[in-house]
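**Q** Input: one structure, supplied below.
We did not get these values from a lab; they are worked out from the coordinates using the rules stated. Just so it is clear, the structure is predicted and the values come from calculations on it, not from any experiment. Here Cβ is always computed from backbone atoms with ideal geometry, including for glycine, and neighbour counts include all displayed protein chains.
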Amino acid sequence: QAVFQSDIGSLLEQVGTGKESLSFMKRRIRRMAAQWASAARRLDDKLRSHWREQKMILVHVGFLTEESGDVFSPKVLKGGPLGEMVQWADILTALHVLGHNLKISVSLKELHGFLGVPPGRGSCPLTGPLPFDLIYTDYHGLQQMKQHMGLSLRKHKCHIRVIDTFGTEPAYNHEGYATLHGYRTNWGYWNLHGQQYMTMFPHTPDNSFMGFVAEELNETEKHNIQRNKVNNIAVVYGKEASMWKLQGKEKFLAILHRYMEIHGTVYYETQRPPEVPAFVKNHGLLPQQELQQLLRKAKLFIGFGFPYEGPAPLEAIANGCIFLQPKFNPPHSSLNHDFFRGKPTSRKVSSQHPYAEQYIGRPHVITIDFNNSEEFDATIREIMRINVEPFLPYEYTCEGMLERVHAYIQNQDFCSPEAPFPPVNSSWLSSPPSPFLLLPNSSILTWASNASSYKSWPPLSALRLLASLEGQSCVDACQGAGLICEPALYRFINIKEAFSALELQCDGVESEMNHLFPAFSAEHAECGLQQDPLLFSCAGSSAKYQRLCPCRDYRSGQVALCRDCL
Ligand code: UDP
């Protein structure tokens, strides 16, 4: 049985020393300890009746190992990326606080030690049973495990979870399919289950949303922040000088400067970086805590388009700032932007921070075209006028993250073979199996309630079946109905009966490896079923197909979990 633990002493000891990245993570763990402890108490109350199994967990942070080049650690104090370290610190804390038995590795030597591979025997496969229930790692770590566990990785890979900031779509993950259809990249093709990849934001439901946390304020703090806000202070998002290189920035910065005092936290060695104009009050890179203080005073946090999808905007919004960011038209993706090129996703990034744009929105987040000077000017004046309260979505609070990680650990299972569907049951041979009874509920179809006895997580009772429009993905189709696409439920709708339930008349039915299937082609009245479960994908669309989409409901503020998922 896992027991919540709020003392972080043993966790700090395990994180180790000797690298700036580890010191950053330890400072964060210490600073947030009290928040985690009170979140653990609340979740413990909420889950009172639940028995939680204690798991043996290995966390191998591949990108911090010397063997992967560890390019991040030396840049911690120099404006380099910190988002990944924020996330790993929070993952470690969540697993520790949930009471699991944790081992942490940031080198190949430690990895070998924990896996019981004798030192110096490079690719000697692990022969015995895997001494862990779960291994959290990243793409670098996965590569290292392949090299050093050899063939046994294949045997044990259902225990692995890959922390993958931007996400991996099924078409890129499936080695054979990716190779045949031009989805091969440097990262993909591990043939994992899509939900074994865990992302920083809920980018695509094909992956699991891991996330991180931002500091939560109590009512007194919120009140004080609102009282002490200075309406004309703006902070620019970008701790590295190169993030200030944006073409045309002079124009909108001049407008902003007309109304507001502009602050920056750009790293510099001896003198002001030339990219940062003289009228900007540059504080240099600040410790996280001091950045929070600055954000508490500021009214506006403004992004210049890079970095993409980091933690800082959530921290700013949690401290009562309005986040102003550029809209990308056309959207950025691996097809048209260097940063995303080679990443195993074709997701279209509609602004610097699509989560802030789509899940938070006004009044906390304003997304506009920065080249339109009138609109920019009017927006700045509006921002100075309006009052907003500090806001943090539940899924980014410590309690929200604990709740989500708990639910994954206790319910996600990629190791047991999936029971065949449709179910084979002799009593159903005379009368049709109950899950085939699809009950219409407006344009969405619901499974007969007695189908929920069928083992699945999320439970089958959460399933709402619908057909996308031609050219629409299941991500968008479900979203349009106020739901979310749930890849774990695809196997229940990959049947002929699902087409007829939606009144799609099939002249022919084929079964194919195609990441858009199950789908209906109106032109040929042809119904396509998915041949390979690894290719079930919420992402992806084609003007030729109406896709069948398994949607589900979600908890308010916690998109990863359906209402009956806890
Ligand atoms: N940060 C910081 N000092 C600064 C600016 C940022 O400690 O002067 C922290 C910030 O609190 C956030 C982290 O850097 O948690 C990562 O921020 P960002 O959104 O820039 O993401 P990145 O691109 O670094 O992954």
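**Q** Could you calculate, for the range 164-210, the ratio of the Cα radius of gyration to the Kirkwood radius, expressed as Rg to Rh?
**A** Values: Rg = 10.1 Å, Rh = 10.4 Å.
So for the range 164-210, dividing Rg by the Kirkwood Rh gives 0.97.
**Q** Sticking with this structure for a sec: Gain in length, ALA378 to LYS155, computed as 0.36 nm per residue apart minus the alpha-carbon separation, to one decimal in nm?
**A** On the way: separation 223, 0.36 × 223 = 80.28 nm, distance 5.91 nm.
Length gained between ALA378 and LYS155: 74.4 nm.
**Q** Hey, what's the Cα Rg ratio for the range 151-231 versus the globular rule of thumb, 2.2 N^0.38 Å?
**A** Working: Rg = 19.7 Å, N = 81, 2.2 N^0.38 = 11.7 Å.
After normalising by residue count via 2.2 N^0.38 Å, the value is 1.68.
**Q** Starting from 0 in steps of 5 Å, tell me what percent of the Cα-Cα pairs of the range 119-253 lands in each bin.
**A** 2, 8, 12, 13, 12, 11, 11, 9, 7, 6, 5, 3, 1
**Q** Magnitude of the Cβ-charge dipole of the chain, K/R +1 and D/E -1, about the Cα centre, nearest 20 debye? Write out the running numbers ahead of the final one.
**A** On the way: 54 positive and 56 negative charges, 258 e Å.
The dipole magnitude comes to about 1240 debye.
**Q** Right, next: Largest first and in whole Å, what are the equivalent-ellipsoid semi-axes of the range 244-367 based on the Cα gyration tensor, each being the root of 5 times an eigenvalue? Numbers along the way, then the final one.
**A** Details: eigenvalues 119, 66, 45 Å².
In descending order, the three semi-axes are 24, 18, 15 Å.
**Q** Okay, moving on. Please work out how much length the chain gains when fully extended from TYR259 to THR185, using 0.36 nm per residue of separation minus the C-alpha to C-alpha distance, in nm with one decimal. If you can, show how the numbers build up before the last one.
**A** On the way: separation 74, 0.36 × 74 = 26.64 nm, distance 4.58 nm.
That pair, TYR259 and THR185, stretches by 22.1 nm at full extension.
**Q** Among 68-74, 366-372, how do they line up from the highest to the lowest mean number of other beta-carbon atoms within 10 Å? Numbers along the way, then the final one.
**A** On the way: 68-74: 15.3, 366-372: 17.1.
Packing order, densest peptide first, comes out as 366-372, 68-74.
**Q** Another question, if that's okay. With 10 Å bins from zero, work out the P(r) of the range 173-298 over every alpha carbon pair and list the percent per bin.
**A** All Cα pairs considered, the percentages come to 10, 26, 23, 23, 16, 4.
**Q** Here's another thing I want to ask about it. What is the ratio of the Cα radius of gyration of the range 95-189 to 2.2 N^0.38 Å, where N is its residue count, to two decimals?
**A** Working: Rg = 14.7 Å, N = 95, 2.2 N^0.38 = 12.4 Å.
Dividing the Cα radius of gyration by 2.2 N^0.38 Å gives 1.18.
**Q** Any chance you could tell me what percent of the C-alpha pair distances in the range 522-563 go past 12 Å? Don't skip to the answer; put the middle values down first.
**A** On the way: 622 of 861 pairs.
Above the 12 Å cut-off, the range 522-563 has 72 percent of its Cα pairs.
**Q** Under 19 Å from a point 7 Å along the Cα-to-Cβ line of LYS251: which residues of the range 329-351 have their amide N that close?
**A** Once the point is set 7 Å along Cα→Cβ of LYS251, 329-331 turn out to lie under 19 Å by backbone N, inside the range 329-351.
**Q** Report the per residue volume, in Å³, of the convex hull enclosing the C-alpha atoms of the range 285-326. Mind showing how you got there, number by number?
**A** Working: hull volume 2.9 nm³, N = 42.
Taking only Cα atoms, the range 285-326 has a hull volume of 68 Å³ per residue.
**Q** Further, regarding this structure: Between GLU110 and GLU418, what length comes free when the chain is fully extended (0.36 nm per residue of separation minus the Cα-Cα distance, one decimal in nm)?
**A** Between GLU110 and GLU418, full extension yields 107.5 nm more.
**Q** Counting trypsin sites (Lys or Arg not before Pro) as exposed when in a DSSP loop with at most 10 other beta carbons within 10 Å, what is the longest stretch of the chain free of them? Intermediate values should be presented prior to the final figure.
**A** On the way: sites that count: ARG48, ARG121.
Result, exposed sites excluded: 122-566.
**Q** Please determine, in degrees from 0 to 90 and to the nearest 10, the orientation of helix 139-149 with respect to the longest principal axis defined by the Cα atoms of the chain, where the helix direction is its Cα long axis.
**A** Around 60 degrees separate the two axes.
**Q** Viscosity 0.890 mPa s, temperature 25 °C: Stokes-Einstein D of the range 1-137 from its Kirkwood Cα radius, in µm² per second? Spell out each step's value before the answer.
**A** Values: Rh = 16.2 Å.
The estimated diffusion coefficient comes to 151 µm²/s.
**Q** Suppose each label sits 7 Å from its Cα in the direction of the beta carbon; what would the GLN14-ASN228 distance come out to in nanometres?
**A** Taking the simple label geometry, GLN14 and ASN228 are separated by 3.6 nm.
**Q** Here's something else I'd like to know. Can you work out the base-10 log of I(q)/I(0) for the chain at q = 0.08 1/Å, using the Debye formula on its C-alpha atoms alone?
**A** Taken in order of the listed q values, log10 I(q)/I(0) reads -0.58.
**Q** If you don't mind, another one. Determine the dipole magnitude for the range 303-377: charges of +1 sit on the beta-carbon of Lys and Arg, -1 on that of Asp and Glu, nothing else is charged, the reference point is the Cα centre, and the result goes in debye to the nearest 20. Display every interim value, and only then the final one.
**A** Working: 6 positive and 8 negative charges, 84 e Å.
Once rounded to the nearest 20, the dipole reads 400 debye.
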